[in-house]
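Let me begin by presenting the structure, written as structure tokens, before commenting on it.
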């Protein structure tokens, strides 16, 4: 399968729905998934990755690596379920909604979107909202 998910934690997540959300983003943005891996992990693992590859010594919500150019995406993203849980509380949303948003955010990074400036962040948020609505509609959720 071109998109593989892995959960390295004890927390139960809906890997199938999360993978489908990422694939929806790819398709809608005119891309396909080559080998793409989505890893859902804890704070220790993402902090180690952040330190090793980005020289940041803290846990973050997501780290994304794109390995090629073009419309067939090859890459991986890591999402920290510990940070997702904290952010859900901070933003007043559910864990599942925050996890879906960050999965969509990660897929958008793989497609080529960035969030380094206020304008780019606003565009990413707009796209996240659009894809959240699309994914919820496909799952029959309000």
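Each row is one residue, and each column tells you yes or no for (1) more than 17 Å from residue 66 (Cβ to Cβ); (2) under 12 Å from the mean Cα position of the chain (by Cα); (3) modelled with pLDDT of 95 or more.
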position	(1), (2), (3)
105	no, yes, yes
116	no, no, no
123	yes, no, yes
126	yes, no, yes
130	yes, no, yes
142	yes, no, no
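Kindly check whether there is at least one residue in the range 113-128 that is touching a residue at least 40 places away in the same chain (Cβ under 8 Å) and not in a helix (DSSP H, G or I). No, the range 113-128 contains no residue that is touching a residue at least 40 places away in the same chain (Cβ under 8 Å) and not in a helix (DSSP H, G or I). Selection over the range 44-69 of residues that are outside any helix (DSSP H, G or I) and loosely packed, with under 14 Cβ neighbours inside 10 Å gives a count of 7.
Residues that are under 23 Å from residue 112 (Cα atoms), assigned to a strand (DSSP E or B) and under 13 Å from the mean Cα position of the chain (by Cα) do not occur anywhere in the range 17-28. Only one of the numbered conditions (1) surrounded by fewer than 19 Cβ atoms within 10 Å (Cβ to Cβ); (2) closer than 14 Å to residue 106 by Cα; (3) modelled with pLDDT under 95 is violated by residue 33, and that is (1). The residue that is nearest to residue 136 (Cα to Cα), counting only those in the range 70-96 that are part of a helix (DSSP H, G or I) and out of contact with any helix residue (DSSP H, G or I) (no Cβ under 7 Å at 6 or more places or on another chain), is 96. Cβ separations smaller than 7 Å between residues 6+ apart or across chains give the following pairs from the range 6-25 residues that are surrounded by 14 or more Cβ atoms within 10 Å (Cβ to Cβ) to residues that are at pLDDT below 95 and part of a loop (DSSP other than H, G, I, E, B): 17/139. Going through (1) out of contact with any strand residue (DSSP E or B) (no Cβ under 6 Å at 6 or more places or on another chain); (2) assigned to a helix (DSSP H, G or I) one by one, residue 102 falls short only on (1).
Checked against the criterion of being surrounded by 13 or more Cβ atoms within 10 Å (Cβ to Cβ) and in contact with a strand residue (DSSP E or B) (Cβ under 6 Å, 6 or more places away or on another chain), the candidates 128, 72, 123 yield just one match: 72.
The values are calculated or read from the model by the stated rules, or taken from the named source; none is laboratory data. Bear in mind that the values here come from a model prediction, so they are computed numbers and not experimental data. Please note: Cβ atoms are built from the backbone with ideal geometry, for glycine as well, and neighbour counts cover all protein chains shown.
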